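See below for the structure under consideration.
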Amino acid sequence: MAKLNIDLKDYESGFARFDSLMQFKVKDILLVSSMYDSFTLEEDGHIAQLIFNEYIELNLSFAPQIKRVSSGDEALQLLAERNFDLIMVFRKLGDMDIVAFGQKAKEIIPDIPVVLLAFHPRELNISYHPDFSKAVDKPFFWSGEANILLAIVKYIEDKINVDYDTRLVGVRVIILIEDSIRFYSSYLPLLYGVIMRQTQALMADGLNLSHKLLRMRARPKILLADSYEQGWELYQKYNQYLLGIISDIKFSKSGQPDDLAGLKLARKVKKQMPDLPILLQSSNLRYVEEAAAENVAFLHKRTPALLTELRHFIRQNFGFGDFVFRMPGGSEVARAEDFHSMEQCLKDVPEESLIFHASRNHFSNWLMARTEFDLANRLRSRKVSEFKNAAAVRAYLMETFKSFRHEKQLGIVTDFSRKQFDLQSDFVRIGEGSLGGKGRGLAFISRLMRRYNVYDSFEGVRINVPPSAILGTSVFDRFLENNNLLEYALGEHSDKEIAAAFQKASLPKDIRADLGAYMEIIKYPLAVRSSSLLEDSHYQPFAGIFDTHMLPNCHPGKKVRMERLEEAIKYIYASIFARKSKKYIEATGNRVEEEKMAVILQKVVGSRRNDRFYPVISGIARSYNFYPIGNIKPKEGVVYAALGLGKTIVEGGNCLYFSPSNPQNLPQFSSVKDFLDNSQQEFFAVDMSDPLVHPAPGAEAGLIKLRKEQAMDDGSLQYVGSTFSPDNDRIYEGVNRPGIKLITFAPILKTKIFPLDEIVRFLLQLGSSGMNIPVEIEFAAELSSEPGKPHDFGFLQIRPMATEMVLEGVTLDKFDNGKIICKSNQALSNGRINSIKDIIYVSPDNFDRSKMPQMAAEVGRFNDQFKMENRSYLLIGPGRWGTADRWLGIPTTWDQISSAQIIIEAAYGDFTVTPSFGTHFFQNLIAFQIGYLTVNRTNEKNFINWDWITSQAIADKTEHIRHIRLENPIKALIDGHTGRAVILKPKK
């Protein structure tokens, strides 16, 4: 009979050795970054639990101290003065090359680990520098998930501690062989996430607090290699401690790329350790059979569920999952997830299953993964033949495991307390995980406001972040896992089908209990907002991809209000997998399965007026104006303001824009006619008349669009209105005299009844200084007419501008007009574009503005074709692209024009619209570096050569759209300094 091993020494006698593990800990981190990046490191992902849980919550030792500096010179000076354990460099240094910085840092403190954290793949180009490996230990890619920071810290600690810890108590090791920065940046957080979850489960099994702390130090180590030689060296050194190997197939061997390096290594390892779990992964499916021939698992790198399948392999093969009791034939008979359930299973499973596992060291392997080394060694040293019969084996195992059974772990640690939460709680977290992009921005600006005491900086105004609760991304993860939704959502299903499946699913019970306590107190209108990991991040804002649902939240029954809230949350979760979201995520080079969603529950700023709720002012502001008009200068920034909810601005509707440095200069309204034609006519509010309204896809439910005259009835127009007198063709400030009422914001911008421009200018400066980059903010304000009651200014959101636009030198020579397709002195972007051979344009011959929704659909079909062919194109059409108002332009969504590289907004006959971008549309233009030209009049500086365009052969057409395919590419020159551009005909 096979043998069951056990070490006769008492497992507790060796417990004290655990306090000698992990002698090197990262205690002092030097962070070279902007203030915003530093805040992200400290706050995103609830660092107290996710990253430094063993330090802070369990008070084992001092929590790591993070010292932030914003330049290379300052960092080097600090290194000369004090010691650090790790240097993290975020993005580019303003004063020196990263390679030069790393080399100088290591001269000051030899062997100090230096890691580069990149926000975008193009920032990793520095890794090709010949001296990069001498200066930087490892580069990592960060897509917004804070767990990569945990992985970096643990990776550095593991690399330094592994020799001692394996020799001392036999700490287990996992070897990861991967040379792709993006892939190991995804794999390491996943591996550490599984390990940390095991550690947290282990804490519940600890005999006391001290034992729990010490056990945490014995988690498995993860060692990273990027070549055959490195992988084999690690195997030879730690093979007796291995849990398994995860390896790419193609990587370097003998200094040269080797397409079969992973297979060769696996074959060599299997000869020595046939039962060692090995996972090979590749983008080429032809290796499946070869992997199977070597008795190793295979994972296709291009599978949509890559990380899901990797997680499944780890749990099933490394001992991290449940202990599955099987019969010798392979059928499952029971499952144990912890020590308590293990004891129950040992009592009931058939003898054949018990002996099957005991004779193969399965119990000790499972324990090893849970850092129970002494118990594992004790079981391993015992032989089944030593026992009288199977009953004796069962009794022994039951008794042994019973001593390791401890009280269950408490629920998820969270800032939200059902007992303590009240209306004074301004910012709470429900569940664990990241806050997401918007949530991170809110938390960041909340900290800045607190630090600089912004709340009462302006007399008579209270500035704050509206009371908010955030569901962390772990709630999203648990929702998908508990309801088995991920595979379904990644499949080929319609948006409607996915939304329906999500609505049928249930949120985790503990989260529902927290939300129930929350809704017991919160009875004001709520904005339920998305906050995905990738939203509002550098280079990829994801602006407008996910919906915000407005809930009136005024039903007297908590059950009804709770149901509506859950519906809204689930619609936001489903929106990640909607068609337009998937297309956008793919366009940014990200994976849908890597995106995660936090949800913000935010108080709507405003007041109830009859059966509607809205603020007097909503707006967005940018600290840099990439589209200056008139005398507005780019560095002055720009503000877009509207009456009512911000949906008007977000969707590109008519609103007021001005420079916060010169608020009385309104270039869009140079005449009375401009005010009459282009000022805001309608506004949005939360509809309070129907407490039973259900959220719905599209997020229109719960909203109502109103005419400006209704704001007059509400009394809100007095703060932003003026009156046009037809008798003398003049506009007068205020709304008390007879005449046509207009939304001009004159009482605010001229009479200064509210210091909007001063507040915005101050907050833009504050945000830009904190992020070291131009920012965009969203805000809302409610003005008070009650004596002694301050006005409310709500800071709703802050995001970095989509990218820092590098204005390279572009000279627009005096080209002959005969060589020009288009010329504009209102252009966004910068540089040269020389690769476009396709032109899509709305035919001017049969243009009918009432048909613009149909035009959007037709453009979308062409866009899908170009995306499949990986071709870009020039797009020409009337009015504002991307507007939600069909009468102002073609109401395309972003996925309908995502392959356009240049877009022209043109006048079609007498149809001319003042240039204006919805905030989301604008962010996407900058993020994808798309040229955007406006040609609203025809003169020497602005024109489209329609004669040339319409004379070209038509490659394809629809009712309203024409497609031209040219033999040679057109050439576009855009001068970002002056906002001028020309598009030249192709060379013959």
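Structure notes:
- Spin-label pair N295-K987: with each label point 7 Å from Cα along the Cα-Cβ axis, the two points sit 6.4 nm from one another.
- Converting phi to 3J(HN,Hα) with the Karplus coefficients 6.51, -1.76 and 1.60 and the offset θ = phi - 60°, the stretch 846-858 yields 10, 5, 9, 4, 6, 9, 5, x, 5, 4, 4, 5, 5 Hz in sequence order, with x at every glycine or proline.
- Amide H contacts under 5 Å for G882: I890, T892, restricted to partners 5 or more places along the chain or on a different chain, H placed in the peptide plane at 1.01 Å from N.
- The 3J(HN,Hα) values that the Karplus relation (6.51, -1.76, 1.60; θ = phi - 60°) gives for the stretch 956-965 are, in residue order, 6, 7, 10, 4, 10, 10, 10, 10, 10, 10 Hz. Gly and Pro appear as x.
- Length gained on full extension, S506 to Q256, computed as 0.36 nm times the residue gap minus the Cα-Cα distance: 84.8 nm.
- Ratio Rg/Rh [Cα only; Rh per Kirkwood] for the stretch 609-800: 0.97
- Qualifying aspartates and glutamates (Cα of each under 20 Å from Cα of K814; at least 8 residues distant if same chain): E940, D975
- The separation of the stretch 222-237 from the stretch 656-687, counted between C-alpha centres, amounts to 64 Å.
- Taking every protein chain into account, the accessible area of the stretch 169-321 amounts to 39 square angstrom per residue (probe 1.4 Å).
- Chain lengthening between K867 and Q272 when straightened (0.36 nm per residue, less Cα-Cα): 209.3 nm
- Sequence-distant residues sharing a close amide H with E905 (under 5 Å, placed H): L933, T934, V935
- Convex hull volume per residue, computed on the Cα atoms of the stretch 832-913, equals 93 Å³.
- Backbone phi angles across the stretch 81-89, fed through the Karplus curve with coefficients 6.51, -1.76 and 1.60 (θ = phi - 60°), yield HN-Hα couplings of 9, 8, 8, 10, 9, 7, 10, 10, 10 Hz in residue order; Gly and Pro are listed as x.
- Distance between the pseudo-spin-label points of A513 and K635 (7 Å out from Cα toward the beta carbon): 5.7 nm.
- Qualifying trypsin sites (Lys or Arg not before Pro) in the stretch 736-805, DSSP loop, other Cβ atoms within 10 Å at most 16: K750, K752
- Surface composition of the stretch 169-321: carbon plus sulfur atoms hold 48% of the accessible area, using a 1.4 angstrom probe and ignoring ligands, DNA and RNA.
- Within the straight-line cut-off of under 18 Å between alpha carbons, the aspartates and glutamates reachable from K383 are D7, D10, E351, E352, D374, E399, sequence neighbours fewer than 8 places apart in one chain being disregarded.
- Full extension of the segment from N389 to D73, taken as 0.36 nm per residue of separation minus the current Cα-Cα distance, would add 106.5 nm.
- When each of the peptides 677-685, 504-512, 487-495 is scored by how many other beta carbons lie within 10 Å of its residues on average, the order from highest to lowest is 677-685, 504-512, 487-495.
- Computed across the stretch 323-407, the Kirkwood radius stands at 12.8 Å (inverse of mean 1/r, all Cα pairs).
- Mean projected area (nm²) of the alpha-carbon convex hull when the stretch 169-321 is viewed from all directions: 9.2
- For the stretch 679-718, alpha-carbon Rg over 2.2 N^0.38 Å: 1.34
- Percent of alpha-carbon pairs separated by more than 18 Å within the stretch 730-781: 49
- For the pair the stretch 64-90 / the stretch 253-320, the C-alpha centres are spaced 39 Å from each other.
- For the peptides 655-666, 70-81, 594-605, the ranking by mean Cβ contacts within 10 Å, running from highest to lowest, is 594-605, 655-666, 70-81.
- Taking a straight line from the alpha carbon of K837, these lysines sit under 20 Å away, with near neighbours fewer than eight places off in the same chain left out: K819, K823, K867, K957, K971, K985, K987, K988.
- Cα shape, the stretch 817-984, gyration tensor, a/c 1.5 rule: rounded
- Label-point separation, E399 to E758 (7 Å along Cα→Cβ), nm: 8.2
The values are calculated or read from the model by the stated rules, or taken from the named source; none is laboratory data. These numbers were taken from a predicted model, which means no experiment stands behind them. Every residue, glycine as well, gets a Cβ built from its backbone with ideal geometry; the counts of neighbours run over all protein chains shown. Areas reflect the complete protein model, heavy atoms only, side chains present, ligands, DNA and RNA absent. Shrake-Rupley method; radii C 1.70, N 1.55, O 1.52, S 1.80 Å.
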